[in-house]
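Read through the structure below, which is laid out as structure tokens, and then see the notes.
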Amino acid sequence: MGYNEKYVCIDIGGTAIKYGLITEKGVLTSRGERDTESTKGGPSILRKAVEIAEEYCRTEEVSGICISTAGMVDTGKGEIFWAAPLIPDYAGINFKKTLEERFHIPCEVENDVNCAGLAEYVSGAARGSRVSLMLTVGTGIGGSILIDGKVFRGFSGSACEVGYMHMLGSDFQTLGAASTLTRKVARWKKEQDGRWDGHRIFEEAKKGDALCIRAIDEMCDVLGLGIANICYVVNPEVVVLGGGVMAQEEFLKERIERAVENYLIPGIASRTRIAFAEHRNDAGMLGAFYHFCQCRGNR
């Protein structure tokens, strides 16, 4: 990677596609966002990625394209090999082949939670750690493990899909995701889901609303149990929590720490740090760039 090179970063989520231009020093110089329109399916998302790259390539000298995306990714091929029903026809979409053939510049693709974990390791809350666990809590729960700065992928590239982990007669993300929090409060309040979102629930909890506080405490307890179960296997130095709901660090930190301590034996709990993500909305784009650098042998 040379001096003054620029890279297009695209972060594809279930709701929004965030994108920007980043320098070779990892500085985002522009940002944009558009709706994913995930129900239109994988081919539509691929077209959006092509359009975004095309817009930048029209006015900038672009040296590469870095993609962070939902779904399980074959990083060698740059292809989605499995995706939840939220994005129909996403499996089989090959960003790397399509974009490299179209623009004649390198493209690298990585799972979005792996990108978030990598971003936090390189320049965020997990920097300097030997073993880190990243959890993103949103519509579902995603996870990634980094060992000495490298994403641990497992045998077939699907390591740390912790949202599917069986717990309490259900699974981790069904019980502990932010989407469950909003549905639970709406049900308890006997109101429609649309009247409650995470922001409103936390605002009401801060004012002393007993039902909102109870729902948050139950979410934290589930997160504590899930984190503890993973820690017994992985033994991370730091657990980094990200996703929209984790912006409420001030309200959540002590609750989650107490829950983790409740389920972990002291010998492990005392050596496991809970941290909150520093990069927030930029994590996917930054992580996609760091992944690109690793693939090119520069980091």
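Rule-based calculations on the coordinates, nothing more; no lab input. Since this is a predicted model, take the numbers as computed values, not measurements. Neighbour counts are summed over all protein chains in view; Cβ atoms, including those assigned to glycine, are modelled from backbone coordinates with ideal geometry.
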Name the most mobile residue of GLY149, GLY128, GLY117, meaning the one with the largest mean-square fluctuation, in a Gaussian network model of the chain with Cα contacts below 10 Å. GLY128
With a cut-off of at most 14 other beta carbons within 10 Å, and DSSP calling the residue loop, which trypsin sites (Lys or Arg not before Pro) in segment 161-212 qualify? Please list them. LYS190, LYS207
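What FRET efficiency comes out for the pair GLU37/GLU5, r = Cβ-Cβ distance, R0 = 41 Å, nearest 0.05? List each step's numbers first, then the result.
Numbers: r = 31 Å, r/R0 = 0.77.
It comes to 0.85.
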Assuming 0.36 nm per residue, please report the length gained on full extension of the stretch SER156 to SER270 beyond their Cα-Cα distance. 37.8 nm
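Ignoring GluC sites (Glu not before Pro) that are buried or in helix or strand per DSSP, and keeping those with at most 16 other beta carbon atoms within 10 Å, what is the longest stretch of the chain between them?
Segment 62-190 is the longest.
From the alpha carbon gyration tensor of the chain, can you work out the equivalent ellipsoid semi-axes (sqrt of 5 times each eigenvalue) and give them in Å, largest to smallest? Don't skip to the answer; put the middle values down first.
On the way: eigenvalues 216, 96, 59 Å².
Result for the chain: semi-axes of 33, 22, 17 Å.
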Rounded, prolate or oblate: which fits segment 45-124, taking a ≥ b ≥ c as square roots of the Cα gyration tensor eigenvalues, rounded meaning a/c under 1.5, else prolate when a/b beats b/c? oblate
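Out of the DSSP beta bridges found with both residues in the chain, what percent are antiparallel (nearest 5)? Mind dumping the intermediate values first?
Details: 29 of 50 bridges.
The antiparallel proportion sits near 60 percent.
Add -39500 (n - 2.57) for each DSSP H run of 4 or more in the chain, then divide by its residues: what number comes out at 222 nm, to the nearest 500 deg cm²/dmol? It would help to have the intermediate numbers written out before the result.
Working: 10 runs with 122 residues, N = 299.
Rounded to the nearest 500, the figure is -12500 deg cm²/dmol.
Scan segment 133-165 for chymotrypsin sites (Phe, Trp or Tyr not before Pro) in coil per DSSP, keeping those whose Cβ has at most 12 other Cβ atoms within 10 Å, and list them by number. Write down the numbers at each step before the final one.
On the way: sites: PHE152, PHE155, TYR164; in loops: PHE152, PHE155.
Answer by residue number: PHE155.
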With axes computed from alpha carbons, what is the tilt in degrees of helix 210-234 against the longest principal axis of the chain, rounded to the nearest 10 within 0 to 90? 60 degrees
Between the helical axis of 178-189 and the dominant principal axis of the chain, each derived from Cα atoms, what acute angle in degrees is found, rounded to the nearest 10? 40 degrees
